[in-house]
Each structure stands twice: as structure tokens, then as C-alpha cells.
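The values are calculated or read from the model by the stated rules, or taken from the named source; none is laboratory data. A quick note: this is a predicted structure, and the numbers were derived from the prediction, not measured. As a convention, Cβ positions derive from the backbone with ideal geometry for all residues, glycine included, and neighbour counts pool all protein chains shown. Please note that ligands, DNA and RNA were not included when accessible areas were found on the heavy atoms of the full protein model with its side chains. Shrake-Rupley method; radii C 1.70, N 1.55, O 1.52, S 1.80 Å.
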Amino acid sequence: MRAAIVRGAIDVAALLAEVASASHGATVLFVGTVRDVNDDRAVTGIDYTAYVPMAEREMQRILREAAERFDTDAAVIEHRIGHLELGDASVAIAVAHARRAQAYAASRYVLEALKQRVPIWKREAYADGTREWVTQQGAMIAHQD
Amino acid sequence: MTVTALLFASYADVLGREAVEMTLPAGATAADALTWLRALPGGDALPPAPLLAVNLEYARVGTVLHSGDELAVIPPVAGG
């Protein structure tokens, strides 16, 4: 299992190779890419920043949770930071398992947990020249205490 | 004691910096550090109860700080 924040393009083929094994009948690759619209606004690019050491630690913890829940330790995740253009991959998750159901479920679990609690932020740039930090649905806002 | 506060994204923007050294009394909590930060120019733009992390782990406002700790004030996350 490996989790990393990266500053260059994500090599998805390398991630697939990293989880490959003859004992796996299913490999799920999720790739999140920069989309040209958000909330009806035309997006031209995204700048990602992260609290890198904590983000890597939290992603590693999420992979361990997925390993326990779905019985696979063949999982790897990379999240890119810096300036990304439309279509660039911001995140990629590769999960392999003997069976497809667990591979799909583990992939989904890792992505949803990442979006909820890994300290990464994005500032979208819009076609009208403005830029804004984005808050996404489902993200942790504050502790309930 | 000295504690380093780290600020990110919109919070770094409103305070005009990404890190600040705080001198706090012994026994100070994360809540005390937040009060200190909110007294800085622009600090009133920080929410009263933001997400916090101490030494890379999410922490509650009642967490007691120690000299050399790293307190991160974490805006709503937006990875993916």
C-alpha cells in the first residue's frame, strides 16, 4: 500500500503495475480529472495545495482502513498538487482484489474518505478571470464538540 | 512556550501568511491558540470552530498544547 502527494503528472499505468498480481482477478482504476464546469461556472484550471505530511499520513490510514474492510492490501493512491489544466488527473486510485465486488467497494471507500478528510484544497480559476477556494459537499467542516 | 501555527488555503489568504510562531502560556489549549490567532490582523475572518490538527493528527479544541507542537488550522478540505 502506498499513498503519495505528487507534483508532476500521475502515471496511471505505473499504479496499475504496482498492484498487479496473478492472484487478483479484478483491478479497479479510478482517475479524477479537472472538469470544465462546476456549479454552472466555466472552469479553466485548478490549483491544488495540501498539508503534505498530514495528507500522506491520512491517505495511508485510509488505505489501511480499506485493507481491513475489504480484505485487500493491493491499493495505491496518488494525489497531485500544483497547477492543473482541464483534463489533467488530480487523483488516481488503483485497487486489486481476487474479486471485483471488493475491488470496486475499496476504490469507492478510498475516494470518498479522501474527499471527506484528507487536508487538500483546491482553488478553481474561472473563465471570467476570478478564482475561488472550493468547498465540496460531504467534506468535514468542524469537529462536533 | 512556543507553538507553530500553520495556515492553509483561504485561511492563509485572510491572515496573509502560512505559518506563525505563537508564544503561549504553559497549559494552553488549541482553543487558546485559536483566540491568539483570531486577534491577528485578518484573524477575525477565521471561523470560531475550524478543523484543527496537532502534530499531523486531527485534534479537538480542548487539546492541551506543548512547546514545539505544530498546530494546523484546516479549512474545509476539497481533495479529489
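Of the residues that sit in region A:41-59 and are open to solvent by 10 Å² or more (accessible area, probe 1.4 Å) and either among the charged types (D, E, K, R) or within 17 Å of A:Ala105 (Cα to Cα) (or both), which one is nearest to the chain's Cα centre (by Cα)?
A:Glu56
Report yes if some residue within region A:1-11 is at pLDDT below 95 and closer than 20 Å to A:Val118 by Cα; otherwise report no.
yes
What number of residues within region A:8-36 are within 24 Å of A:Gly82 (Cα to Cα), surrounded by fewer than 12 Cβ atoms within 10 Å (Cβ to Cβ) and free of Cβ contacts under 8 Å to residues at least 12 places away in the same chain?
1
Return a yes/no flag: does region A:120-135 have any residue that is at the interface with chain B (Cβ under 10 Å from one of its Cβ atoms), outside any strand (DSSP E or B), open to solvent by less than 40 Å² (accessible area, probe 1.4 Å) and at pLDDT below 95.
Among the residues of region A:120-135, at least one is at the interface with chain B (Cβ under 10 Å from one of its Cβ atoms), outside any strand (DSSP E or B), open to solvent by less than 40 Å² (accessible area, probe 1.4 Å) and at pLDDT below 95, which makes the answer yes.
From the set of residues in region A:68-101 that are within 15 Å of A:Leu114 (Cα to Cα) and more than 14 Å from chain B (Cβ to nearest Cβ), which is surrounded by the fewest Cβ atoms within 10 Å (Cβ to Cβ)?
Per the criteria, the residue is A:Val76.
It is to be established whether one or more residues within region B:38-50 are more than 8 Å from chain A (Cβ to nearest Cβ), part of a strand (DSSP E or B), surrounded by 14 or more Cβ atoms within 10 Å (Cβ to Cβ) and under 13 Å from the mean Cα position of the chain (by Cα).
no
Please determine whether any residue of region B:13-36 is assigned to a loop (DSSP other than H, G, I, E, B), within 29 Å of A:Ala3 (Cβ to Cβ) and in contact with a helix residue (DSSP H, G or I) (Cβ under 8 Å, 6 or more places away or on another chain).
Yes, region B:13-36 contains a residue that is assigned to a loop (DSSP other than H, G, I, E, B), within 29 Å of A:Ala3 (Cβ to Cβ) and in contact with a helix residue (DSSP H, G or I) (Cβ under 8 Å, 6 or more places away or on another chain).
Within region B:1-37, how many residues are more than 11 Å from the chain's Cα centre (by Cα) and without any contact (Cβ under 8 Å) to a residue 24 or more places away in the chain?
Here the count works out to 3.
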